[in-house]
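What follows is calculated from the coordinates using simple rules that are stated; it is not laboratory data. Everything numeric here is computed off the predicted structure, so don't read it as measured data. A quick note on method: Cβ atoms are made from the backbone with ideal geometry, for glycine too, and the neighbour counts reach across all protein chains shown.
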Amino acid sequence: MFLYGVVNASPDSLHEGSIATTTAAAVARARELLADGADALDVGGQGSTDVATVVDWSVEWERLAGIVPALAALGVDVSIDSWRPQVVRRALEAGATVINAADGMQSDAMWEVAAEFGVPIVVPFLSGPDPRRMALVAGDPLAAIAEFFTARLGDAERYGLRDRCVLDPGTGFAPPAWPWEQRYEYQKVVYRGLDRLRRFERPLYIALPWKDTPQHEELLEIVVRQDPEYGRAHRPGHVRDVERRVAAGA
């Protein structure tokens, strides 16, 4: 799995170890991630959880303006995690090479930026317009995810970008109305059914579980066994350990 290691330039990430709000801290975090098994970096300046404080796009970019070119100078791909086209544009101009579209590419403005730069686009499933307010998915979640991707890939075709899209089932978002046990069961269904998304003939990208609990470990192993092309990892070394264990038949 090609792994993007997570660098959070916002101060309110749920994973405190990923927070790096200065350029020096971000570069140090990035070097640790790459040494630990990451292949590339994912950076964002605005949290997408329900507990994150939403700031103006200019503040989001101010957090990233020095960090993005410094990470790009490390010589690996850098994805910009944002739902704001103003921020995505500036990040790509500063050296980012991938869009991690926290809005699920649900606006023409984001597609226009993507078309201008011609970079890969991670398209996450969202059950609504706001990544911080994901609605409860009723019924078969993979059917809802497939319906969403059908629409987004239709948009992509209008811009000539279908072959640039990478599909993310959106399990990295944390809907505030979902108790953990319900979210855990939901994620198991989605991860075990990832093959149902192969009909789109696009690579898959998973925001990998990172908490140190038996349930999160189970979810991570399910994902690894499904062999997605890309992952977003807070602890890449641990993911590599699970990959080796699965490959060895453990």
- line: Least to most buried among R183, R152, by other C-beta atoms within 10 Å and fewest first, runs R183, R152
- line: Proxy exposure order for H234, H216 (fewest C-beta within 10 Å first) is H216, H234
- prompt: Working out 0.36 nm times the residue gap between D56 and F2, then minus their Cα-Cα distance, what length gain in nm do you get to one decimal?
  reply: 16.2 nm
task: Only helical DSSP H runs with n ≥ 4 go in: add -39500 (n - 2.57) per run for the chain, normalise by residue count and round the 222 nm mean residue ellipticity to 500 deg cm²/dmol.
output: -12500 deg cm²/dmol
Ascending count of other beta-carbon atoms within 10 Å, so fewest first, for M134, M105: M134, M105
task: With all distinct Cα pairs included, what does the Kirkwood hydrodynamic radius of the range 20-133 come out to in Å, to one decimal, could you say?
output: 14.3
message: Only four residue types carry charge here, +1 at the Cβ of Lys and Arg and -1 at the Cβ of Asp and Glu. Report the dipole size of the chain about the Cα centre in Debye, rounded to the nearest 20.
response: 240
Simple label model, 7 Å out from Cα along Cβ direction - A138 to Y159, nm: 3.2
message: Over 10 Å intervals from 0, what percent of Cα-Cα pairs in the chain sits in each interval?
response: 7, 33, 39, 19, 1
task: Assuming a ≥ b ≥ c are the square roots of the Cα gyration tensor eigenvalues, decide whether the range 211-250 counts as rounded (a/c under 1.5), prolate (otherwise, with a/b larger than b/c) or oblate.
output: rounded
